[in-house]
Each structure stands twice: as structure tokens, then as C-alpha cells.
Amino acid sequence: MSTSAAAGATPVMDRLISRTVLRHQPLSVHFDLTYRCNERCVHCYLDHEDHGELTTAECLAVMKELASAGTLFLTFSGGEIFLRPDLYEILAEARRLHFDLSLKTNALLVTEERAARLREYGVRRVQISVYSDIPEVHDAITKVPGSLQRTLAAIPLLLEQGLQVKLACPLMRENLLAYRGVMALAEKLGVPYVLDLTITPMMDGNEAPLAHRIPVSSLLPVMQDPTLHACKPQPTAEATRARQEFPAAIGSAVSSGIENAAYEDLPCSAGHNSCYISPYGDVFPCVQLPQAAGNLRRERFSDIWYHAPQLERLRGIRESQLPVCSRCEIRSYCERCPGLALMEGGDLLGAYERACELAEQKAQLAGVVTPISALHREQAAFAMQTNSRNEIASFVANSSSD
Amino acid sequence: MTSKPSACWQKNPALAWREIDEATVIISPTDSVMHELNDTGSFLWKNIDGQRSAAELAELLAESYEVTPDVALNDTQALLEEMSTRKLVVPVSASGGESR
């Protein structure tokens, strides 16, 4: 029998990941119970109307299938999960099925009684979105006056129940300068935090949220900030323990966030040992890869997971075989996301501007002299060729007219 | 081990767990510690149901793994002791409550 801390990179977790990647077992599932929300965050990628959420009975049936398929880590998210009146019924079934439970919430509706019920149902981790320690900044993003105050009031209630709380702070134009405040807040509370640079288009492809994305050039001061580098502030003893369980990092699109040799030549865990389920029963490889592999109202989870062509295709992708990125000299600095490659570049296998820009910036910070991604190198070469052809054509045309 | 030899054992109901491949992975939500049981441990884990004592579990182990009853009992008691120390299992009295 061996033992280690859960959820970080540990020998037990390493073996678990290796086995599940090898066997394509859905170890980790992100299940959005609703897209309805009591906040209206400016950068949100969701349509908050209810278009026919899974019923309680359907949610329970889905969980039963996930347990049979071998899912251990189950994350309930939204929208705002506390808007589901059947949340506790769902949590009770999740506990009966022995899942390791995590929640993502804005915590506006958390009360002492609700926090106690989360503990009762075996929830281990709660991730809470906090955009700033300044109410005006946070509330301007959520569009709910007083939301920061209510969110922060909920955190001690959850901690008192022994739940592990983690702050998540997506960085955007509106709160770029607030990240240090969130870091200080996390340290004061003794909890881990994660800063996330990922602002995505909406799930239907609408690019409106991208207007809130920070240009890579403006990220330079953040990336150079020594206090943020590798996100390793000097914490309290409690925070140290928590951080060992939840290694903090600037968030990437890699869904598990855990480094493992089993992922070495894979773009990420999506479709290999993790997936995403929407409130309408659609199964996606990842929340950021909006290619539905099937719907749980029509098909069994195991049929989708093991036989959907979309997932089979995804499982065949190797980073070393990507048409452009495999030739990239600064690939080790890149956090390419297949979902964003599809949404932003139109090609699951392709390179996309944002990842290339970020990789170049990181490489430069690491001391690489004039780093250039394969995409940009090829674009430059193509532009040169085009210019040469145009010049020759122009010369020939001028010669003929002479 | 402080429990009586005839005590039955049950899984700690607070735990998250899943059988993965030949192993069983268990996570305690209170301290986030992750445990991994090997195939013998997984076999016992599957059969720990609140109804069986160490002796009864050892019988099952002896049948499945073709070991002598003595070896099976020693292994079973050692594993239950370790699991009990780690709060993965708890003894239950004949009346169904946890025994001390």
C-alpha cells in the first residue's frame, strides 16, 4: 500500500495518470450542471439561457455511467451550481458512487448551512472565482454590485468546514493590475490561487469575450514579475500544505494541469483520460474543445467515450507530428491548446497566433535571442516569396511594355 | 489492532475510491491523502462490506490466491491493521455500529 498527497504530481498520481492514459479511462470529468448564472461576467464564454438542462434523474444516470467507466475525479461547475435546486441530491448520489468531488462556484449563495452540507456530501475542493481584491474592479467584471464582499464572506464558511478552497483569477484587461491583490488575499486566507490568462471565444464561436483579452505585449510586466514567477509567494504554513496538494501555476489550457510523462507527446489530457459534459448532456473532449462527441440523452457514455470518431481522432494526435508546431524551435515554451487552435486558428492540428506570441515572449524572457515560432517563420518566408514573385512579375511586365 | 478478532470491517464511508486497472486508489477528502492498494489489498477492499470479519476475509483470500489459511489470515490481519491505522476501514460491532 502506498500513500501520497492527492491531486498534485505524486508517485500515486503519476501511476494513476499513466494507467488511465494508456487505457483511455475517463479518470477526470468536468460536468457543468447549468449554464444559468447569478453573475454576468464580461469575459464569460457561456450562453446563460436554459436550453433544456439534464433533469435530476438524467444527471444521476450520467454519474452512474461515469462511475462504471472508472471516473474518480468529478468536478461540478457551471454557470452557478447553487442555482440547481437539486444540487444536494446530485451531490448525495456522487458521494454514494465514491467520486472525489470538486466544485467551481462564485460562492455568492454559500451560507453556513450550505457549506456544512458540502462537507456532509464529501466535497473535497471548492474553486472560487475572484477577479480582484478591490470591490469596484471585481464587481465591474461580474456586473453584480457587492459580489466581491459576498464571495469573500463565503470563504471562511467553507474553510471552517475543512473544505479546501482555491482562488481562481482569470486575468483580463479589466483586472490586469489587480493580480497582486488577489495573491495577497490568497496568502492572507492561507489558500492557494491560480491566475489564468485564458480568455476564450464563446462556445458558439462568438469572439466577443476576446475584446477583454490582454494583448501579449501588455503581459510582459506580469510575466517578468518576480513575485509571480512560477507563482511561488512565501505562504503561511497552512498555505504551504495546501500548495503541496494544489501546485499553483499560471493557468494554461491543459485540462489536468498536472505534468506527467504519460502526456509527453500528447497535446493534453482531453479525450485521453478526461472529458467535459455540458448541462444538455453533450460530451466534449474538453470545455475548450467544442466538438461534441455525442449526447447522453441518445447514447451511453461508454459508447461515446470509446467509439466516437471525434475522440478516436483526437487520441491519434501526437505533438511531434503536428504539421507546423512540430518544427517549432521554441516549442518547449509553448502552451498550445488544441481547442483554442480549433476555435482561433480553425485547425485542431494547427498553430494559432496567441500561443505563438506567448511562446515567443516566454522564450525571450528565458534568454532566447530573437525567438520566432514556426508559424511566424513560415509566414515571414511566405511573405518574402510573395514579394519576390510580385517584384519579378512587375519587372517582366515593365520589360514587356518597354 | 484494538478491535476484537470477530469484529466485522467496513470501508470508511467518507472516502472517494475507484478500482483502476489492478489497483484501487482511495482519497480521503479530509486530508487529501491518496492511497493505492495492490492487488491483494484491492481484493480485500472489494470484499470489505461491513458483514465480514478478518477470518472470513482471509478465507476468501486463501481460496482466490491459493495460499494456506495461516498465511492468508496473517496477510489479512496485517493489511486490515494498516488500513485501520490509515482510517480507510473501521471495525463494526455485531449490532452494526463502530466498535472500539
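Relative contact order for chain A using alpha-carbon pairs under 8 Å, separation at least 6, rounded to a whole percent?
On the way: 677 pairs, mean separation 63.2, N = 402.
It rounds to 16 percent for chain A.
Going 7 Å from the Cα of A:Thr56 in the Cα-to-Cβ direction, what parts of the stretch A:8-43 have a backbone nitrogen less than 18 Å from that spot? So the set is A:33-34.
What per residue convex hull volume, in Å³, comes out for chain A when only alpha-carbon positions are used? Working shown, then result.
Details: hull volume 69.0 nm³, N = 402.
Per residue, the Cα convex hull of chain A comes to 172 Å³.
Close Lys pairs in the protein assembly as shown, defined as Cα atoms under 24 Å apart and 8 or more places apart or on different chains, number 17.
Helix-only estimate, please: 222 nm mean residue ellipticity of chain A, summing -39500 (n - 2.57) across DSSP H runs of length 4 or more and dividing by its residues, to the nearest 500. Could you put the intermediate results ahead of the total?
On the way: 14 runs with 160 residues, N = 402.
The per-residue figure over chain A is -12000 deg cm²/dmol.
Relative to the longest principal axis of the Cα atoms of chain A, the long axis of helix A:56-69 lies at roughly 70 degrees.
Roughly how tilted is helix A:179-189, in degrees to the nearest 10 and between 0 and 90, from the longest Cα axis of chain A? Taking the Cα atoms of chain A, the angle to A:179-189 is about 20 degrees.
Which percentage, to the nearest 5, of the DSSP beta bridges contained in chain A is antiparallel? Beta bridges within chain A, antiparallel portion: roughly 15 percent. Between helix A:353-365 and chain A there is an angle of about 90 degrees, using the helix long axis and the longest principal axis of the Cα atoms. In a GNM of chain A with a 10 Å cut-off on Cα contacts, which of A:Ile392, A:Ile141, A:Ile372 has the highest mean-square fluctuation? Of A:Ile392, A:Ile141, A:Ile372, the Gaussian network model singles out A:Ile392 as fluctuating most.
At q = 0.14, 0.23, 0.25, 0.26 Å⁻¹ the log10 of I(q)/I(0) for the stretch B:13-87 amounts to -0.44, -1.08, -1.22, -1.28, computed by Debye summation with a single uniform scatterer per C-alpha, solvent ignored. Between amide H atoms placed 1.01 Å from N, distances below 5 Å from A:Asp196 occur with A:Cys169, A:Leu171, A:Gly251, all of them 5 or more places distant or on a separate chain. For the stretch B:13-87, the relative contact order comes to 18 percent (Cα pairs under 8 Å, sequence separation of at least 6).
Once C-alpha pairs closer than 8 Å and six or more residues apart are averaged by separation and normalised to the residue number of the stretch A:144-223, the relative contact order reads 27 percent.
Treating the beta-carbon of each Lys and Arg as +1 and of each Asp and Glu as -1, no other charges, what is the dipole magnitude of the stretch B:13-87 about its Cα centre, to the nearest 20 debye? Each step should come with its number before you reach the end.
Working: 5 positive and 15 negative charges, 80 e Å.
Roughly 380 debye, rounded to the nearest 20.
The residue among B:Leu61, B:Thr30, B:Leu80 whose Cα reaches farthest toward the positive pole of the charge dipole of the stretch B:13-87, with charges on the beta-carbon of Lys, Arg, Asp and Glu, is B:Thr30. Between A:Ile17, A:Ile317, A:Ile81, the residue with the greatest mean-square fluctuation in the GNM of chain A (Cα pairs under 10 Å linked by springs) is A:Ile317. Only the Cβ atoms of Lys and Arg (+1) and of Asp and Glu (-1) were treated as charged; on that basis the dipole of chain A about its Cα centre amounts to roughly 900 debye.
Translational diffusion coefficient, Stokes-Einstein: compute it for the stretch A:91-225 using the Kirkwood radius over C-alpha pairs as Rh, at 4 °C and 1.567 mPa s, and state it as an integer in µm² s⁻¹. Mind showing how you got there, number by number?
Values: Rh = 16.1 Å.
My calculation gives 81 µm²/s for D.
Taking θ as phi - 60° and the Karplus parameters 6.51, -1.76 and 1.60, the scalar couplings of the stretch A:368-373 work out to 6, 7, 6, x, 9, 6 Hz in sequence order, x denoting glycine and proline. Comparing A:Pro201, A:Gly294, A:Leu22 along the charge dipole axis of chain A, the residue lying farthest to the positive side is A:Leu22, per the Cβ-charge model.
Ordered by the count of other Cβ atoms within 10 Å of each Cβ, fewest first, A:Met202, A:Met172 give A:Met202, A:Met172.
Readers should treat all values here as calculations from the given coordinates under stated rules, not as data from a laboratory. Worth saying up front: this structure is predicted, and the values here are computed from it rather than measured. Note that each Cβ is placed from the backbone with ideal geometry, even for glycine, and that neighbours are counted across all protein chains shown.
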